[in-house]
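This report concerns only the one structure given below.
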Amino acid sequence: MSTIRVLVGTHKGAFILTSDGKREKWEVSGPHFAGWEIYHMKGSPADPNRIYVSQTSGWFGQIIQRSNDGGKTWEQPGLAPGEPATTPDGQPKSESNKFAYDSSAETGKPLTTHQWYDGTQHPWEFKRVWHLEPSLTDPDTVYAGVEDAALFRTKDGGKSWHEMAGLRGHGTGPQWMPGAGGMGLHTIVLDHKNPKRMFIAISSAGAFRTDDGGVSWKAINKGLSSQYIPDPNAEVGHCVHRIAMNPLKPDVLYMQKHWDVLRTDNAGDSWTEVSGNLPTDFGFVVDVHAHEPNTVYVVPIKSDSEHYPPEGKLRVFRSRKGGNEWEALTNGLPQRDCYVNVLRDAMAVDSLDKCGIYFGTTGGQVYGSPDAGDTWAPIVRDLPAVFSVEVQTIQ
């Protein structure tokens, strides 16, 4: 029978939830890296025992952690076997934290400035890794989306990281600016059918696509309209919260923007709003059914200033028609006095049939549905605020 492993990153550590294919009883492991912010953790599609973690702290900075045994033990890439992970005075070493913007003449781009909150220009400064996306075919290759917004790649399992500077050198960088949480590259979507094509999203710049393995990039924001920027239909400057794809139809993607839920049928060349009958079209997360490319899930939040579900009812909304027509999924979810949020990386879908849907909240609950959203139950409660949820289906 299959094993399901749900990887949960929280405000104060990482947790691993494990079940069999029935998804009825769960074992909880953690906290790993207790006390640290875990922005993201994700397993390699090429090796289910290889898991990567972005561990960050306002005191100690950014560290990449790696497991080769499904999260039982951890190591910091770049350290020699048996080498202590801390200095003699107790400070964590940072061998896996060398994220330097590439401004070299050979492979880099000039280190220009980006827009700041007040409209002035601000230097690029590395702060943390928001998202890790392992290669579909090589467990040692991983892409990292960072703040300030840039894309990095490792080919040696996290020992060294090199900026794919073509994105930052797109030419529109001086128009990018931070969202409320910072200027993070938070979404990386790999095309399962075309290894040279990749999609990314930045808050607040928008969505971009490469068709040549990251050498050059195209802004794919046609059809997006955003309030509070000088040109609501500008090429860049949009606060995209999340994009998602079903690998069976890589030209069809869904987007949850600061306001609006949108769909593209041509790999981002143009977008159409599909918010339809949602109670509000503000939210952070969007994901797609594992076997039905036209079935999509969102969690509406009341507004950009009130980050909780409308009416205090925690509802996942599902459309089976690619948007516009939405149904509320409530069975097993609290329908009164619920004021949590679901962050952009906090939903995941397994590949079983029926596929399981999982999401975590800022209140520390992780909910799971073994039947594609028809019914829900809490897997675990009272964790620290959940930043990210990923799932591995292990055959």
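The values are calculated or read from the model by the stated rules, or taken from the named source; none is laboratory data. From a predicted model like this one, the values you see are computed outputs, not experimental measurements. Reconstructed Cβ throughout: ideal geometry from the backbone, glycine too, with neighbour counts over all protein chains shown. Accessible surface areas use protein heavy atoms only, side chains included; no ligands, DNA or RNA. Shrake-Rupley method; radii C 1.70, N 1.55, O 1.52, S 1.80 Å.
Details
- Over the stretch 224-301, volume per residue of the alpha carbon convex hull, in Å³: 83
- Alpha-carbon gyration tensor eigenvalues x 5, square-rooted, for the stretch 114-167, Å: 27, 9, 9
- Computed over the stretch 166-217: relative contact order in percent, which uses C-alpha pairs under 8 Å that are six or more apart: 35
- Largest to smallest accessible area among I38, I229 [probe 1.4 Å]: I229, I38
- Binned Cα-Cα distance frequencies in the stretch 135-244 - 5 Å width, integer %: 2, 12, 23, 25, 19, 10, 5, 2, 1
- Summarising the overall dimensions of the chain from its C-alpha atoms, the Rg and Dmax are 19.8, 60 angstrom.
- In summary, the convex hull built on the alpha carbon positions of the stretch 271-395 has an orientation-averaged projected area of 7.5 nm².
- The stretch 59-142: Cα Rg divided by the 2.2 N^0.38 Å rule of thumb: 1.42
- Mean separation of Cα contacts under 8 Å, 6 or more apart, over the residue count of the chain: relative contact order %: 12
- Checking every one of the GluC sites (Glu not before Pro) in the stretch 1-87 against DSSP loop status and a limit of 16 other Cβ atoms within 10 Å picks out E24.
- Mean-position separation - Cα centroids, the stretch 301-332 and the stretch 87-154, in angstrom: 34
- Translational diffusion of the stretch 1-128, µm² s⁻¹ [Kirkwood Rh, Cα pairs; Stokes-Einstein; 25 °C; 0.890 mPa s]: 144
- Here the Karplus relation 6.51 cos²θ - 1.76 cosθ + 1.60, evaluated at θ = phi - 60°, turns the backbone of the stretch 206-222 into coupling constants of x, 10, 9, 9, 10, 10, 10, x, x, 5, 10, 9, 10, 5, 10, 10, 5 Hz, with x for every Gly and Pro.
- Whether the stretch 303-371 is rounded, prolate or oblate, judged on the alpha carbon gyration tensor where a/c under 1.5 counts as rounded: prolate
- The trypsin sites (Lys or Arg not before Pro) found in the stretch 110-211 that occupy coil by DSSP, while having at most 14 further C-beta atoms within 10 Å, are K155, K193, K196.
- Per DSSP, loop GluC sites (Glu not before Pro) in the stretch 100-155 with at most 11 further Cβ within 10 Å: E106, E125
- The stretch 1-68: C-alpha gyration tensor shape, a/c 1.5 cut-off, then a/b vs b/c: oblate
- Mean-position separation - Cα centroids, the stretch 227-271 and the stretch 165-218, in angstrom: 12
- 3J(HN,Hα) from dihedral phi, the stretch 101-113, Karplus parametrisation 6.51/-1.76/1.60, rounded to Hz, x for glycine, proline: 4, 8, 10, 5, 5, 6, 10, x, 9, x, 7, 7, 10
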